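Student: This structure is in structure tokens; I'll ask about it shortly.
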Amino acid sequence: MKHGLKHKALILLGIALIIGLTFLLKLFIIGEPVDGVQIVFVTSAHGQTLDLQVDTLESAMALRGWKHQQDGGSLYINARKVLVSPIFHEGHYETSIDLETVETIILGGKVIWAGNESETIY
């Protein structure tokens, strides 16, 4: 009888461990997509180049997995937000964008640059 109880306890412990690891994986590795509300950015145009600096508004958050995808004249920039850890610890991102073929820049679902008009700080 004790052997069966020990077996069930190990199974429950294993299930709890898997659930806990999945939760930690979601918080520290997978994260969630950044939207325009969770970040602050600064842009500055220099001829055909736009310099972009992005920071997270939340103190213990890091930004990772930056992706640039151009569709026609629109450039979509996306990232994921995770809790700061030894693996991901940067809450700041900088890039320069060639504006030659770009008419609109969308960061996290929010238009941050359209034509010659850009938001300096958002």
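Student: Quick check on segment 1-65: what does the Kirkwood estimate of hydrodynamic radius come out to from the alpha carbon pairs, in Å?
Tutor: Over segment 1-65, the inverse of the mean reciprocal pair distance is 15.9 Å.
Student: Could you run the Karplus curve 6.51 cos²θ - 1.76 cosθ + 1.60 with θ = phi - 60° over segment 95-110 and give me ³J(HN,Hα) per residue in whole Hz, x for Gly and Pro?
Tutor: 7, 10, 10, 6, 8, 4, 10, 10, 9, 9, 10, 10, 10, x, x, 10
Student: Same structure again: Helix 2-25 versus the longest principal axis of the chain: what angle, 0 to 90°, nearest 10, using Cα atoms?
Tutor: Its long axis makes an angle of about 10 degrees.
Student: Continuing with the same structure: Taking amide H atoms as placed 1.01 Å from N in the peptide plane, list the residues 5 or more away in sequence, or in a different chain, whose amide H sits under 5 Å from that of residue 35.
Tutor: Counting only residues 5 or more places away or on other chains, the set is empty.
Student: Would you mind checking which residues have amide H under 5 Å from residue 76's amide H? H placed 1.01 Å from N; only 5 or more apart, or other chain.
Tutor: Placed amide hydrogens put 69, 70, 71, 106 under 5 Å from residue 76.
Student: Choose one answer from 39, 97, 18: the residue with the largest mean-square fluctuation in a GNM of the chain with alpha-carbon springs under 10 Å.
Tutor: Looking only at 39, 97, 18, the largest GNM fluctuation is found for 18.
Student: Could you bin all the Cα-Cα distances of the chain into 10 Å bins starting at 0 and give me the percent of pairs in each, rounded to whole numbers?
Tutor: 12, 35, 22, 12, 8, 6, 3, 1
Student: Here's something else I'd like to know. Taking Cα pairs under 8 Å and at least six residues apart, what relative contact order does the chain come out at, in percent?
Tutor: Normalised by residue count, the contact order of the chain is 27 percent.
Coordinate-derived values only; no laboratory data. Predicted model only: the values in this text are computed from it and were never measured.
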